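Here's the structure, in structure tokens; my notes come after.
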Amino acid sequence: MAPQRKPKLAVWKFASCDGCQLSLLDCEDELLSVVGEVEIANFPEASRAVAKGPYDLSLVEGSVTTPHDAERIHAVRRQSKFLVTIGACATAGGIQALRNFKDVKEFTTAVYANPSYIDTLAKSTPIADHVFVDFQLRGCPISKYQLVEVISAYLNHRKPNIPSYGVCMECKQRGTVCVMVAQGTMCLGPVTHAGCNALCPSYNRGCFGCFGPKETANTNSLAKWWSGHGVSDVEIVRSFRGFNAYAEAFRKESEAYEK
């Protein structure tokens with residue numbers, strides 16, 4: 001009897017810092033279990049060995065910022081049974097999407113001696129703007145535990161069990177006092193997707209929104225609360241323009257307060 005074929009896992013990099021790929025390598029003991037269940041067919045961060053597709057599961061890190069990548073992501077999609085985007089760059093355009101609020105030519109002209117050599121798109125966009133995505137795993141970087149859960153879910157033909165509540169719930173679960181109520185610190189926790197175990201509030205700092213907007217995020221209410229407590233429009237815009245600046249909920253709220 002022929003041995004059963006292991007599912008093929010591929011990891012793809014677009015415009016990013018590689019931090020989310022490193023989260024997979026940082027899984028250590030969990031990664032050993034994953035390796036035993038799949039064939040890692042394409043993962044340049046870990047190995048030079050590349051096996052041809054099609055692939056059962058593709059993990060895509062990074063945003064689309066060049067014409068070449070806009071074409072390449074379609075090739076990845078065609079080879080992938082399931083495609084999961086990982087991290088803020090792939091799900092919302094990343095920190096590099098800050099350029100979307102300006103003319104990118106201003107930056108290329110300021111940085112490069114010969115900007116005509118730079119072949120770039122006007123905007124940094126998430127993968128879902130270009131191809132169908134089966135699941136989006138948020139974070140900057142992603143949670144390695146959530147990543148293992150997503151991989152396990154698709155290998156076992158079930159829906160990933162990733163919470164949809166906000167960071168405030170994580171603060172309550174760990175007994176962290178609300179920094180916004182107790183100290184008046186600006187915090188994106190009420191509108192940010194859970195996943196970091198409320199890391200920043202646990203150190204008496206406001207949430208920076210690394211995991212992007214949660215489902216039905218009421219950014220308007222939060223911004224009005226800040227404004228009513230003396231926060232300037234400039235500070236509100238800056239708060240929403242971080243790692244997930246181009247995520248729809250954060251983008252619309254920042255634009256509402258931009259002069």
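For the range 107-124, does any single residue satisfy the condition of being under 22 Å from the mean Cα position of the chain (by Cα), outside the structural domain of Leu57 (by TED's automatic domain parsing) and β-branched (Val, Ile, Thr)?
Let us first name the residues in the range 107-124 that are under 22 Å from the mean Cα position of the chain (by Cα), namely 120-124.
Subsequent filtering for residues that are outside the structural domain of Leu57 (by TED's automatic domain parsing) retains none.
Within the range 107-124, none of the residues are under 22 Å from the mean Cα position of the chain (by Cα), outside the structural domain of Leu57 (by TED's automatic domain parsing) and β-branched (Val, Ile, Thr).
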Legend entry - Which numbered condition Arg205 misses (of (1) over 19 Å from Arg238 (Cβ atoms); (2) assigned to a loop (DSSP other than H, G, I, E, B)): (1)
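Residue by residue, here is whether (1) hydrophobic (A, V, I, L, M, F, W, C); (2) in contact (Cβ under 8 Å) with a residue 60 or more places away in the chain holds:
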position: Ala194; (1), (2): yes, no
position: Cys207; (1), (2): yes, no
position: Lys214; (1), (2): no, no
position: Arg241; (1), (2): no, yes
position: Ala247; (1), (2): yes, yes
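Scanning for something at pLDDT below 95 and more than 30 Å from Pro201 (Cα to Cα), does the range 122-132 turn up at least one residue? Steps first, answer last, please.
Taking the range 122-132 as the starting set, the residues that turn out to be at pLDDT below 95 are 122.
With the extra rule that they be more than 30 Å from Pro201 (Cα to Cα), the set shrinks to 122.
Yes - at least one qualifying residue is present in the range 122-132.
For (1) modelled with pLDDT of 95 or more; (2) in a helix (DSSP H, G or I); (3) surrounded by fewer than 14 Cβ atoms within 10 Å (Cβ to Cβ); (4) of a type in the set (Phe, Trp, Tyr), each residue gets a yes or a no:
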| residue | (1), (2), (3), (4) |
| --- | --- |
| Thr216 | no, no, yes, no |
| Ser227 | yes, yes, no, no |
| Ala245 | yes, no, no, no |
| Phe250 | yes, yes, no, yes |
Legend entry - Index of the failed condition, Ala51 passing every other in (1) among the aliphatic types (A, V, I, L, M); (2) more than 20 Å from the chain's Cα centre (by Cα); (3) under 13 Å from Ile151 (Cα atoms): (3)
Legend entry - From the options Thr176, Thr185, residue that is in a loop (DSSP other than H, G, I, E, B) and free of Cβ contacts under 8 Å to residues at least 24 places away in the same chain: Thr185
Inset, instruction - Please enumerate the residues belonging to the range 164-173 that are assigned to a loop (DSSP other than H, G, I, E, B) and polar (S, T, N, Q). - result: Ser164
Inset, instruction - Mind telling me which of the residues Glu71, Glu30 ends up being out of contact with any Leu (no Cβ under 6 Å at 6 or more places or on another chain) and free of Cβ contacts under 8 Å to residues at least 60 places away in the same chain? - result: Glu71
Inset, instruction - State which residue is surrounded by the most Cβ atoms within 10 Å (Cβ to Cβ) when the search covers only the range 149-178 and only residues that are aliphatic (A, V, I, L, M) and within 21 Å of the chain's Cα centre (by Cα). - result: Val167
Legend entry - Among (1) assigned by TED's automatic domain parsing to the domain that holds Val60; (2) at pLDDT 95 or above - the single one Glu149 does not satisfy: (2)
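If you take just the helices (runs of 4 or more DSSP H) that sit entirely in the range 1-108, which of them hold at least 3 residues that are closer than 19 Å to Thr125 by Cβ and in contact with a strand residue (DSSP E or B) (Cβ under 9 Å, 6 or more places away or on another chain)?
Numbers: elements: 19-25, 29-37, 67-79, 88-92.
The qualifying helices (runs of 4 or more DSSP H) are 67-79, 88-92.
The values are calculated or read from the model by the stated rules, or taken from the named source; none is laboratory data. In this text, all values refer to a predicted model and were calculated from it rather than measured experimentally. Using ideal geometry, Cβ is built from the backbone for each residue, glycine included, and neighbour counts are taken over all protein chains shown.
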